[in-house]
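The values are calculated or read from the model by the stated rules, or taken from the named source; none is laboratory data. Please read these numbers as outputs of a predicted model, since none were measured by experiment. Quick reminder, even Gly has a Cβ in these numbers, built from the backbone with ideal geometry, and neighbours come from all protein chains shown.
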């Protein structure tokens, strides 16, 4: 999912915080929504690829949340290229969930 704009299929949300994202090529992938992190007045989602995903097992995906239309509730999830921002978001996530997950550096 790197370097791709990904949109949320509203109405495609599944049980237990599982969401389906569609990439620019139309490929759908399921992710578990672990957290919504705010950093510098921006929101980021921390996602865990669901079973059967092409992503590396145990690695989270961090995407920036952007509104697609001011009159709509739809959101777009966009790849983050800035390594520093990704690290900051992940550190916030790790601090919040340090007692729930075993993080490997």
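Figures for the structure shown
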item	result
Lone qualifier among 98, 64, 88 - being modelled with pLDDT under 90 and surrounded by 10 or more Cβ atoms within 10 Å (Cβ to Cβ)	98
Those residues of the range 50-61 which are more than 15 Å from the chain's Cα centre (by Cα) and at pLDDT 70 or above, in sequence order	51
The range 29-42, residues that are modelled with pLDDT of 95 or more and crowded, with 16+ Cβ neighbours inside 10 Å	37
